[in-house]
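Structure first, then comments.
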Amino acid sequence: MKMVLAAIAGLVLGSSTYAETKVLTVEKMHCPDCVASVKAKLCTKGAYKTCEVKILDEAKELGQVKLVTNGKEKIDMVKVEKIIGDEGYILKQ
């Protein structure tokens, strides 16, 4: 019985899907309007489980974006970089 339960647990845990999380640094962000601009384009309804945008250092013009996917989806970094770039900011590598 223990072996059966262990096998079932292995199947359940082995097939689990985990959300992808990325924390990104963005250059040229220095004010609440910068945050709102990125948030409006990147944090579209349902695109991510979590989408947070904030200023890290106003003087150094550094912001941060935290993205968490819904389940097993992967973050499309090409798309994210394009959205951030189109808004006039630079994704720091």
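Every read-out reported here was derived from the displayed coordinates using simple, explicitly stated rules and does not represent laboratory data. As the structure is a prediction and not an experimental result, all values here were calculated from the model.
Step through the table entries 72/92; 41/92; 39/74; 28/74, compare each Cα-Cα distance with 21 Å, and write down the pairs that go over it.
72/92; 28/74
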(request) Return the aspartates and glutamates within reach of residue 82: Cα separation strictly under 20 angstrom, same-chain partners fewer than 8 residues apart disregarded; answer none if there are no such residues. (result) 20, 27, 33, 52, 61, 73
(request) Project the alpha carbons of region 46-85 onto their principal axes and report the range along each, largest first, in whole Å. (result) 37, 19, 13
